[in-house]
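Following: one structure in structure tokens, then a few remarks.
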Amino acid sequence: MALPLLPTTVVGSYPQPDWLVHRDILAGRLVPRVHAHEIWRVPPVLLEAAQDDATRLAILDMERAGIDIITDGEIRRESYSNRFALALGGIDAENPAEIISRGGKPTHVPRITGPIRWQRPVERRDVEFLRANTDRQIKITLPGPFTLSQQAVDEHYRDEEAVALAYAAAVAEEARDLKSAGADVIQLDEPWLQARPEAAMRYGVAAINRALEGVAGPTVVHLCFGYAHTVKDKPNAGYSFLPQLADCIAQQISIEAAQPHLDLGILRDLAGKTILLGVIDLGSTQVETAEQVAARLRLGLAHVPAERLVAAPDCGMKYLPRDRAFGKLRALAEGAAIVRRELAG
């Protein structure tokens, strides 16, 4: 399906149904780095079939809302990162270590005990299932190599850059496999670039470039300040790491801008990149109107031409009530349509 001017997309996740997950446990195990099997309501023997059904619902919601580039809602994932991270060789998730999380809380993370290596396709069936259930363009997300390196304790390499580059090689294997499975767009989620800017300055772009090497078609890097579910106050002055992404080989950069009321002047540093602009505030309990979305897109058009602008939520929608998430996506599509008509004259 051809994309319109100002296409709409989701960042990645969509709310999992209450019959599939224990939402109270999910909220308490925010973004688990190790296995969190306890979040699932469905017994293991029935889990894949239940996840398939829930994924169909997520696809249908995105289509009904009018979204142009959809995902599988990351319905099968306990978090955005652990599904892929824990499938790699050299990783011990059964005997975890403990670090202080990005939010300042003790968190269990896997240990790196040997060479990190891609062993098998992890998300290939996710892409094949999504491709079989929609005629829209599809995107699949992967945790980025820099972020992966910040979510584990290294007991093998003893060199933080070497860890990130080893993860990058594994991500590249997976990304190329996902393209062959039918993904139109590959996105790397890299929230930790913002949280660890000094390390990111040293090797963040090199790791991203290695992860996307040889990956055909549109590729995206997503940055954010953290889930709105836990991060309430976000800086409007800008990201601690963003202009540097002008040097990465990803064609598109995804940023959150609505909740932090971001000064969009920062987009001048990314001239030449397509911008996935966050125009849906996931921290607000109110569903935006189409006109509010249109107004935010007009602010983006003051800095980025329409041909290089994609309308998106700020971040993943995993922790929202499903009715609110759907309402916000419908407003996203309707707001983009308003601006599209204005541009057409």
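Okay, residues lined up against (1) of a type in the set (Val, Ile, Thr); (2) out of contact with any strand residue (DSSP E or B) (no Cβ under 9 Å at 6 or more places or on another chain); (3) in a helix (DSSP H, G or I); (4) modelled with pLDDT of 95 or more:
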{"position": "Gly226", "(1), (2), (3), (4)": "no, yes, no, no"}
{"position": "Thr230", "(1), (2), (3), (4)": "yes, yes, no, no"}
{"position": "Gly272", "(1), (2), (3), (4)": "no, yes, no, no"}
{"position": "Gly283", "(1), (2), (3), (4)": "no, yes, no, no"}
{"position": "Glu288", "(1), (2), (3), (4)": "no, no, no, yes"}
TODO: Test Pro32 against the stated conditions and say whether it is in a loop (DSSP other than H, G, I, E, B), within 19 Å of the chain's Cα centre (by Cα) and over 30 Å from Val163 (Cα atoms).
DONE: no
Task: Failed condition for Gly12, given (1) in contact with a Pro (Cβ under 6 Å, 6 or more places away or on another chain); (2) under 26 Å from Ala331 (Cβ atoms); (3) part of a loop (DSSP other than H, G, I, E, B); (4) of a type outside the set (S, T, N, Q) - done: (1)
- [ ] Answer with yes or no whether Thr107 is surrounded by fewer than 22 Cβ atoms within 10 Å (Cβ to Cβ), touching a His at 6+ places or on another chain (Cβ under 9 Å) and β-branched (Val, Ile, Thr).
- [x] no
Open item on the list: Quick check on segment 121-180: of everything there that is among the hydroxyl-bearing types (Ser, Thr, Tyr) and within 27 Å of Gln194 (Cβ to Cβ), which residue is surrounded by the fewest Cβ atoms within 10 Å (Cβ to Cβ)?
Closed with: Tyr157
Open item on the list: Out of the residues in segment 62-102 meeting the condition of being among the β-branched types (Val, Ile, Thr), in contact with a helix residue (DSSP H, G or I) (Cβ under 9 Å, 6 or more places away or on another chain) and farther than 26 Å from Thr8 by Cα, tell me which one is surrounded by the most Cβ atoms within 10 Å (Cβ to Cβ).
Closed with: Ile91
- [ ] Sort out which residues of segment 62-97 are more than 18 Å from the chain's Cα centre (by Cα) and not in a loop (DSSP other than H, G, I, E, B), and write them in order of number.
- [x] Glu63, Arg64, Ala65, Gly89, Gly90, Ile91, Asp92, Ala93, Glu94, Asn95, Pro96, Ala97
Task: helices (runs of 4 or more DSSP H) (entirely within segment 117-196) containing at least 3 residues that are within 16 Å of the chain's Cα centre (by Cα) and touching a residue at least 12 places away in the same chain (Cβ under 8 Å) - done: 145-150, 160-180, 192-195
- [ ] Among the candidates Ile116, Ile70, Ile91, single out the residue that is touching a Pro at 6+ places or on another chain (Cβ under 6 Å), aliphatic (A, V, I, L, M) and modelled with pLDDT of 95 or more.
- [x] Ile91
Task: Pairs with Cβ under 7 Å, 6+ apart, first in segment 42-57 and of a type in the set (Ser, Thr, Tyr), second in a helix (DSSP H, G or I) - done: Thr55/Phe129
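The values are calculated or read from the model by the stated rules, or taken from the named source; none is laboratory data. Treat the numbers as computed from the prediction; the structure is a model and nothing was measured. Note that we place each Cβ from the backbone using ideal geometry, even for glycine, and neighbour counts take in every protein chain shown.
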